[in-house]
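Here is the structure we will look at.
The values are calculated or read from the model by the stated rules, or taken from the named source; none is laboratory data. Note that the structure is a prediction, hence the values are computed from the model and not measured. Cβ sites come from the backbone with ideal geometry, for glycine too, and all protein chains shown count toward neighbours.
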Amino acid sequence: MIKTKIGYKMPKGYLKGKARRRKVPIIHEECKAKLNLTLTPTAIDKLTQAAKRAGISRSELIEDFARSLC
């Protein structure tokens, strides 16, 4: 089944105890920049499932993938 509505929340306890402030990096040594991706509903569903299995957000999953490239 393909989900067309995106409804993903950060896992409980993710970044627990870390203050979130604008323009201040928390996980990596630099702040994130916005990026707009256009994906098929199937790709979105698979990305969401992979992020849930890993216990991270979709954004962090893509970040980890990009950082693993040569």
**Q.** Residue list for region 44-60, restricted to those being over 15 Å from Ala33 (Cα atoms) and in a helix (DSSP H, G or I)
**A.** Ile44, Asp45, Lys46, Leu47, Thr48, Gln49, Ala50, Ala51, Lys52, Arg53, Ala54
Q) Here are Leu35, Leu47, Leu39: which of them is surrounded by 12 or more Cβ atoms within 10 Å (Cβ to Cβ), at negative phi and modelled with pLDDT of 65 or more? A) Leu47
Q) Is it the case that Tyr14 is in contact with a helix residue (DSSP H, G or I) (Cβ under 6 Å, 6 or more places away or on another chain) and either modelled with pLDDT of 85 or more or not small (Gly, Ala, Ser) (or both)? A) no
